[in-house]
Amino acid sequence: MKRTGPVDELIAKTPDWRGAALAKLRKIVHDADPRIAEDVKWRRPSNPLGSAVWEHEGMVCVGIILKERVRLAFSAGASLPDPKRLFNAQLLGRSRAIDVSEGDVLDQPALKALVRAGVAHNLAKARPGKARPAKARPGRARTGARGSR
């Protein structure tokens with residue numbers, strides 16, 4: 001499937017190895033979840049091309065072109081299993097990232113598993129059946145078999 005859009009522009013305007021690395025990461029992300037949506041966000045004067053963002057029921061990961069590397073950041077990375085220890089950046093807080101340098105070989109199966117885990121994490125949050133029941137507020141009458149008036 002041929003994609004055209006802002007991520008293609010981002011890759012095309014980064015003609016060195018970093019553009020090729022982002023294109024490879026993009027393919028891995030889409031192979032892991034063909035229904036994932038993509039866009040470019042966070043354009044600003046210091047980064048006019050912005051960052052590639054992949055979402056499925058919320059943000060899954062972000063592809064960021066840096067000076068000497070490409071970063072794939074997972075917004076819920078701290079909650080995702082990483083048995084192959086791919087995360088090597090942003091190790092504090094909720095997010096985790098994988099910095100890719102020129103010549104790095106990607107563990108594609110492990111990376112696909114991380115993307116799928118990120119999607120599963122978002123889907124688990126989005127399920128309405130997972131919501132906690134509302135607590136009764138003081139001063140309000142309860143309804144149901146017990147306590148009905």
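Protection proxy ranking of 7-17, 94-104, by the mean of other Cβ atoms within 10 Å over each peptide's residues and highest first, is 94-104, 7-17.
Please label the shape of the range 6-127 as rounded, prolate or oblate, based on the square roots a ≥ b ≥ c of the eigenvalues of the alpha-carbon gyration tensor (a/c under 1.5 means rounded; beyond that, a/b larger than b/c means prolate, else oblate). It is prolate, given that a/c is not under 1.5 and a/b is the larger ratio.
Over 21 Å apart at the Cα level, from the set 24/84; 13/112; 84/112; 41/67, are 13/112.
The distance between label points at residue 92 and residue 41 comes to 2.4 nm (points 7 Å beyond Cα on the Cα→Cβ vector).
Each value in this text was obtained by applying a stated rule to the coordinates, not by laboratory testing. This one's a predicted model, so the numbers in the text were calculated from it and none came from an experiment. For neighbour counting, all protein chains shown are included, and Cβ atoms are generated from backbone atoms with ideal geometry for every residue, glycine included.
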